[in-house]
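Take a look at the structure set out below.
The values are calculated or read from the model by the stated rules, or taken from the named source; none is laboratory data. As the structure is a prediction and not an experimental result, all values here were calculated from the model. As a convention, Cβ positions derive from the backbone with ideal geometry for all residues, glycine included, and neighbour counts pool all protein chains shown.
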């Protein structure tokens, strides 16, 4: 049995207790397929999430699973500029979202324009590795997470808000607040050094100018208000350096032949500004779907006596649609969940039921 849950964003669809041979499918013509739906998976003992996922896919909608509302990643905004840093003579690390989906990348080192091409991209981990023009100067060393800890003093280098602040590199300082990120994410660290648009992809370094992370995001005020009814104070995140090393290791020199940065001047010289067209499609809206149910085994399959779904706007924290089922049914839990999800989607988009996809 799954216990009742109450969190942000939900999707719901009303189902009667009668026998059904299938599920209703609605038109997707009026939907915004750039929207992203996060669906909670905590306490889903019988795997109802898979049925909800199939329903969203039927409409061509974007869906990602999260553990709960606190596991929703911070919003990433399209950036005209971002940051990156050399980890070998011709290898640059940055965030995937800085690239905006482009395959030809322009970057500036000491004010001089260069070109780079991605050799590895992980959207899931928000990591991109570029092959750029070779340089003769020292480059950064990627540390293991065993080499730093909570309260380690750190600096962030990068090119934030260049349209306001100009094209000079900026350095902010702070400490590592936690060895995990949002929702206990073990691939990221929380830092107190300020991160602004344009900092993304820049190096987070310790006092020896060794990289402990890649600046990636900050907790948005809108999400913090929605989740806690208060504004977050300087909560920023960086991708752990050991995860970057895992993906970049084949492109890195051996320690024996490496020429690592060991001064602020060299660190600044090995940090670059990345310029993109700002054309990447990001979700126009983000929603959170929460659901709860009571399940029972009826000899043939799992079925449900109750299911509730809610859909919440991540930006505002407002519940914008709900759907509920209660009663008895011969249908399987999967069919009930799909029918309820179809109903929720109909409510979200105001779709007329008679517009059935052939």
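Couple of notes before you dig in:
- Residue list for region 62-85, restricted to those being at pLDDT 90 or above and either part of a loop (DSSP other than H, G, I, E, B) or touching a helix residue (DSSP H, G or I) at 6+ places or on another chain (Cβ under 7 Å) (or both): 63, 82
- Candidates are the residues of region 136-159 that are free of Cβ contacts under 8 Å to residues at least 60 places away in the same chain and part of a loop (DSSP other than H, G, I, E, B); the one that is surrounded by the fewest Cβ atoms within 10 Å (Cβ to Cβ) is 136.
- When 316, 279 are checked against the criterion of being at pLDDT below 90, closer than 30 Å to residue 96 by Cα and in contact with a helix residue (DSSP H, G or I) (Cβ under 7 Å, 6 or more places away or on another chain), a single residue qualifies: 316.
- Pick from region 192-237, criterion out of contact with any strand residue (DSSP E or B) (no Cβ under 7 Å at 6 or more places or on another chain) and modelled with pLDDT of 90 or more, ranking: surrounded by the most Cβ atoms within 10 Å (Cβ to Cβ): 209
- Residue 352, sole failed condition from (1) assigned to a loop (DSSP other than H, G, I, E, B); (2) surrounded by fewer than 16 Cβ atoms within 10 Å (Cβ to Cβ); (3) at pLDDT 85 or above: (3)
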